[in-house]
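Scroll down for the structure; my scribbles are underneath it.
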Amino acid sequence: MTTVAQPQLHHLALTVTDLESSVQWYGEVFGVHPVMDVPHQGGVGRILADPDHQLMIALHRHDTNDGGLCKETTTGLDHAGFTVGSRADLEQWQDHLEAHGVVRADTADKPLTQSPIADEPYASVLVFRDQDNIQLELFAPATH
């Protein structure tokens, strides 16, 4: 069997309903900024990146978007997971998210909500959603 190089995630691409609002929100929350627009048939993608281009998020506007909220129960993106160094980092993220309009709730089940941190055997997890209801998760390694 041929051995191939293990790929690394280059970028995350998401379809949003309001490109400008999403660019602002993702920029404030993740510290990424627009670096280029990529026009495509029926819309445009805007590439956001941190200064070192280690985190890149492409937000897409499609002219045919019906404005509906994202649902992970249909075929397509379930969620995007990111990693941080520790549970203490997750606690800081709770405050950071709240400062950017992501309110604390019992569950992150609607736009701009965040769940309590769940301490699972595999990791501590903070679940939150953007304004289009796209589920995002932050993971911190489990401490044993």
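The values are calculated or read from the model by the stated rules, or taken from the named source; none is laboratory data. If you're wondering where the values come from, they're calculated on a predicted model, not measured in any experiment. Cβ coordinates were reconstructed from backbone atoms using ideal geometry, including for glycine residues, and neighbour counts include every protein chain displayed. For accessibility, only protein heavy atoms count, side chains too; no ligands or nucleic acids. Shrake-Rupley method; radii C 1.70, N 1.55, O 1.52, S 1.80 Å.
Observations on the model:
- When the residues of region 24-43 are filtered to those that are open to solvent by less than 20 Å² (accessible area, probe 1.4 Å) and of a type in the set (Val, Ile, Thr), the one that is farthest from the chain's Cα centre (by Cα) is Val32.
- Matching residues, region 44-54, being surrounded by fewer than 12 Cβ atoms within 10 Å (Cβ to Cβ) and either acidic (Asp, Glu) or assigned to a strand (DSSP E or B) (or both): Asp52
- From Pro121, Pro111, Pro141, residue being closer than 23 Å to Lys71 by Cβ and either open to solvent by less than 10 Å² (accessible area, probe 1.4 Å) or not small (Gly, Ala, Ser) (or both): Pro111
- Among the residues listed as Gly42, Gly67, Gly85, the single one being in contact (Cβ under 8 Å) with a residue 40 or more places away in the chain and either of a type in the set (S, T, N, Q) or within 20 Å of Asp132 (Cβ to Cβ) (or both): Gly67
- Residue in region 1-23 that is surrounded by the most Cβ atoms within 10 Å (Cβ to Cβ), counting only those that are under 30 Å from Val103 (Cβ atoms) and among the polar types (S, T, N, Q): Ser22
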